[in-house]
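Asker: Have a look at this one.
Each value in this text was obtained by applying a stated rule to the coordinates, not by laboratory testing. Worth saying up front: this structure is predicted, and the values here are computed from it rather than measured. Glycine gets a Cβ as well: all are built from the backbone with ideal geometry, and neighbour counts include every protein chain shown.
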Amino acid sequence: MEYLIVFFLMIISNVILKQILGVKIKKIKQLVKQKEQGLEAIEEKLPENQKICRNILKKLNLKEVVIEEDENSDTSLYIALSNKILLGKIQNRYMAVQTIAHECIHAKQSKKLQISNFILSNLYLLYFIVILFLTLFQIIHPSFLQISILFLLYLLWYLVRSYLETDAMTKAPYLAKEYLQENQILQPEELEKLMQEYERVNRMGIPFIHFQLFFSGSLKIMIYCIVCFVFAIL
């Protein structure tokens, strides 16, 4: 019964957090698909992605960071272990400067935090897979010890990852604005319009990423609680 209680508490926590943060999945999907008028002209003036990335890294004095571009991927990310930024295909071109600035900020962040995030995320996933299979094959018995360790690893990972993402998302618009101003890429009114769009994206994006991280992490705990409940009643 205790496993079901934990399971439902995790579900309730996700529902409450979603309401508190005001996460609207449909609005976020619409934001990705829809484009405000006037942004097309701005997109045409933006340099190619590698040039943007190279210039922002130079501004941050991070010339040693490697840049790679993958048009087959929709994801851009910074890999701390290889000190590399992978630039994916950015669906909305006007978001390129903020997206790239975001990854450059990750490259500037504490390497201790970045490596900790990598270790914790993989340790959490590995521990979940191991105890899940050990429980399924009845090598270990269901217990709150496994759930407690799983929750602790989840909490540590969530705190580190959410800090890194919030820091990057908060600073990215300002770094993007500085880059655009210093290189005189846009007219003042165009820059103002783009900054308003970046602000609108962040207003929905920051709460969403917190909810997404919380949900993806708690999902593993919920799955394990169900497995424990089933074996406990057999």
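Asker: Which residues' amide hydrogens lie under 5 Å from the amide hydrogen of Glu69, considering only partners 5 or more residues apart or on another chain, with H built in the peptide plane?
Answerer: Close amide H contacts, sequence-distant or interchain: Leu87.
Asker: For Lys18, give me every one of the lysines with a C-alpha distance below 19 angstrom, ignoring sequence neighbours fewer than eight places off in its own chain.
Answerer: Lys26, Lys27, Lys29, Lys220
Asker: Right, next: Just the ratio, please: alpha-carbon radius of gyration of segment 63-107 over 2.2 N^0.38 Å, N its number of residues.
Answerer: 1.07
Asker: Please work out whether segment 1-113 counts as rounded, prolate or oblate from its C-alpha gyration tensor, where a ≥ b ≥ c are the square roots of the eigenvalues and a/c under 1.5 means rounded, while otherwise a/b larger than b/c means prolate and anything else oblate?
Answerer: Oblate, since a/c reaches 1.5 and b/c is not below a/b.
Asker: Quick one: helix 49-59 against the long Cα principal axis of the chain, what's the angle to the nearest 10°, folded into 0 to 90?
Answerer: Roughly 90 degrees between the two axes.
Asker: Among Phe137, Phe151, which comes first, second and so on when ranked by fewest other beta-carbon atoms within 10 Å?
Answerer: Phe137, Phe151
Asker: With a 10 Å Cβ neighbour count serving as the proxy for reagent exposure, in which order, fewest first, do Met195, Met10 appear?
Answerer: Lowest count first: Met195, Met10.
Asker: Let me ask something else about it. What is the fewest-to-most order of Asp74, Asp167 by other Cβ atoms lying within 10 Å of their Cβ?
Answerer: Arranged by neighbour count, lowest to highest, Asp74, Asp167 become Asp74, Asp167.
Asker: Once every DSSP H run of n ≥ 4 in the chain is given -39500 (n - 2.57) and the sum is divided by its residues, what mean residue ellipticity at 222 nm do you get, rounded to the nearest 500 deg cm²/dmol?
Answerer: -25500 deg cm²/dmol
Asker: Compute the acute angle (0 to 90°) between the alpha-carbon long axis of helix 188-233 and the principal axis of greatest extent of the alpha-carbon atoms of the chain; round to the nearest 10°.
Answerer: Helix 188-233 sits roughly 10 degrees off the main axis of the chain.
Asker: Just to be sure I follow the definition: excluding the sites themselves, where is the longest run in the chain that has none of the GluC sites (Glu not before Pro) in a DSSP loop with at most 12 other Cβ atoms within 10 Å?
Answerer: Answer - 72-234.
Asker: Might you report the magnitude of the Cβ-based charge dipole of segment 2-233 about its Cα centre, with Lys and Arg at +1 and Asp and Glu at -1, to the nearest 20 debye?
Answerer: Dipole about the Cα centre, nearest 20: 380 debye.
Asker: Something else now. Report the relative contact order of segment 2-233, percent, no decimals, based on alpha-carbon pairs under 8 angstrom and at least 6 residues apart.
Answerer: 28 percent
Asker: Something else about it: Over the alpha-carbon set of segment 2-233, work out the extent along each principal axis and list the three values in angstrom, largest first.
Answerer: So the three principal-axis extents are 67, 37, 28 Å.
Asker: Taking only Cα atoms, what is the 0 to 90° angle, nearest 10, from helix 144-182's long axis to the longest principal axis of the chain?
Answerer: 0 degrees
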